[in-house]
1. Being part of a helix (DSSP H, G or I), hydrophobic (A, V, I, L, M, F, W, C), open to solvent by less than 50 Å² (accessible area, probe 1.4 Å) and modelled with pLDDT under 75, is that true of even one residue in the stretch 13-30?
2. Would you check which residues across the stretch 96-105 are touching a helix residue (DSSP H, G or I) at 6+ places or on another chain (Cβ under 6 Å) and either modelled with pLDDT under 70 or not in a helix (DSSP H, G or I) (or both) and list them?
3. For the condition of a type in the set (Val, Ile, Thr), modelled with pLDDT of 75 or more, crowded, with 17+ Cβ neighbours inside 10 Å and under 28 Å from Ala14 (Cα atoms), what is the one hit in Ile213, Ile179?
4. Please verify whether Thr55 is under 22 Å from the mean Cα position of the chain (by Cα) and at pLDDT 70 or above, treating the condition exactly as stated.
5. Would you be able to tell me the number of residues in the stretch 216-261 that are crowded, with 18+ Cβ neighbours inside 10 Å and part of a loop (DSSP other than H, G, I, E, B)?
Amino acid sequence: MPVTGYLKLSVAAAVATILLKTLAWWLTGSVGLLSDAMESFVNLAAAVFALAMVTIARSPADASHPFGHEKAEYFSSGFEGLLILGAAGAIIWAAIERLLAQQPLQTLGLGVALSMLSSLINGGVAWLLLRAARRHGSIALEADGRHLMTDVWTSIGVAAGVLLVGPTGWLWLDPVLAIAVALNIMREAWSLLRRSVDGLMDRALEADDLAAIEQVLQSHSDARVHFDAVRTRSAAGAKYCALHMHVPGSWTLAQAAQRRAEVERALVAAVSGLRVAIELLPVHVEPVAPQVAQ
C-alpha cells in the first residue's frame, strides 16, 4: 500500500474514534473523556494535512523545485505538533474549570467501553502506520503513528481513572487525569516539532548509513583515487550524498567516468534509496570555495 493509502486509513480511523469518544463523553459527562475526544479531532486534522503534504512530497521534481518536494512531509509533522499543543491547551482549560466546579459522572461502564473500542482502532492503525513508516522512510507516517499510539495510552489511563471515580467518589480525579493527558501530549508535540525543524535543517544521514558510505569509499580508494568533501542529508524518505572523487590528471574522461559509475553503483547498493552526486577532480585540486557575503 502507498503512503497515501495508509494516511487515508488514518483519516477513516479518526472519524470513527471521534464518533465513539464523543458519545462516551456525552454519556458520562467526563472531562477526561472529553479531552480524549478532542485529541481525536486533532488526529483527523493532522491526518488530512499529512495526506495533502505527502501528495505534494511525492510529486516529481520540476523547474521550480529541481531537487524534488520531499521536505513537504516535515511541514506535516510540524503542523501536527502545533495542533497537539493547541489541543493540550484546550484540555487543560476545560479540566481546570471542572476542577473548580466538580460534577458527578454517569453511565461510566458504557462510556469507558466505547473509549476502549476507539483505542483498539487507534492501536491497530498506529501499528500499521509505524511499520509502513520504517518501510517507506516517511516522517509523516511516523508522526501520525506515534501520535495515535500516544492517544492509545492516554485513553487507557483516562478510562482507568474514570472507572475509579465511581467506587472512590473522588470527583477531582477526572480533571486531574485530563491535565495529565494534556501534559503527556505536549511532550509528544515537542518531539514532533523538534524532528520537523531538524529535517528542514538538512540533517546528515543516520550513523549506519554513514558507516556504509565510508566503507564503500574506503574499498574504492587506492594510490591513484581518493575521496573527500563527503556531505549527506535526508529529506523524508529520500537520502542524498555529494562528494569529491580525485583521479589522476592523466586519465581520460572515459576512464574517470567509468570509475565514478562503479562507485555510484556501490553506494546505491549499500544504502537503499541513496541519490549520489560525485564531482570529478584531478588529484591535489579542490574547487574554489564560495564566498560568503559579509
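1. Checked against the condition, which is being part of a helix (DSSP H, G or I), hydrophobic (A, V, I, L, M, F, W, C), open to solvent by less than 50 Å² (accessible area, probe 1.4 Å) and modelled with pLDDT under 75, the stretch 13-30 yields no hits at all.
2. Within the stretch 96-105, Arg98, Leu105 qualify.
3. Unique residue meeting the criteria: Ile179.
4. yes
5. Of the residues in that region, 3 qualify.
The values are calculated or read from the model by the stated rules, or taken from the named source; none is laboratory data. Please read all numbers here as calculations on a predicted model, not as lab measurements. Methodologically, a virtual Cβ is constructed for each residue, glycine included, from the backbone with ideal geometry; neighbour enumeration extends over all protein chains shown. Calculation scope for accessible area: heavy atoms of the full protein, side chains included, ligands and nucleic acids excluded. Shrake-Rupley method; radii C 1.70, N 1.55, O 1.52, S 1.80 Å.
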